[in-house]
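S.K.: Attaching a single structure in structure tokens format; questions to follow.
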């Protein structure tokens, strides 16, 4: 009985290890191990880089320049800020796998300028425009153009400041 109890208590620890690093399985095949994720400093407005997420977007979107990284695991990590016309602000720290066309939310920003780790964080497909148009725009126009992914944080910042990746082609 004690052995079963000890095993049950260890399950959340094992799940957490997979959430922020380690090998993942997708349909039985192993993916490259994800780099251990460290949450960035909470964003400040002076480092916000605006980007267009489409004419129908109900929010203004920004990426925190200081939070962008490109890991050895080829995951682009960044903080995205969404501001509604009414003044509401949503902040999340995310990762994007260009080759797999996937994103993952690691944490959400709180009003007290701290992070809350996302529950059930997992890789999800980046679908077309709509409710998550910001991810489609970041994928298509900034971080994952047709010919190659951004190679560094500096390149990602440059692309965001210029309004889009010159290697992007029209269409999705």
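S.K.: When Rg is the radius of gyration of the Cα atoms in region 49-98 and Rh is its Kirkwood radius, what does Rg/Rh come to? Mind dumping the intermediate values first?
M.R.: Details: Rg = 12.1 Å, Rh = 11.7 Å.
My calculation of the ratio gives 1.03.
S.K.: Send over the Kirkwood Rh of region 74-170, from the inverse of the averaged 1/r over different Cα pairs, rounded to one decimal Å.
M.R.: Values: mean 1/r = 0.0706 Å⁻¹.
By the Kirkwood definition, the hydrodynamic radius is 14.2 Å.
S.K.: Would you mind computing the Rg to Rh ratio of region 107-164 from its alpha-carbon coordinates, Kirkwood style for Rh?
M.R.: 1.04
S.K.: Give, as ranges by residue number, the residues of region 111-134 whose backbone N falls under 18 Å from the point 7 Å along Cα→Cβ of residue 74.
M.R.: 123-126
S.K.: If you don't mind, another one. Mind putting together the pair-distance distribution for region 29-118? All Cα pairs, 5 Å bins, whole percent per bin, short to long.
M.R.: Here the calculated profile for region 29-118 is 3, 13, 22, 24, 19, 10, 6, 2, 0, 0.
Every number in this text was worked out from the coordinates using simple rules, so none of it is lab data. From a predicted model like this one, the values you see are computed outputs, not experimental measurements. Here the Cβ is made from the backbone with ideal geometry for all residues, glycine too, and neighbour counts use every protein chain on show.
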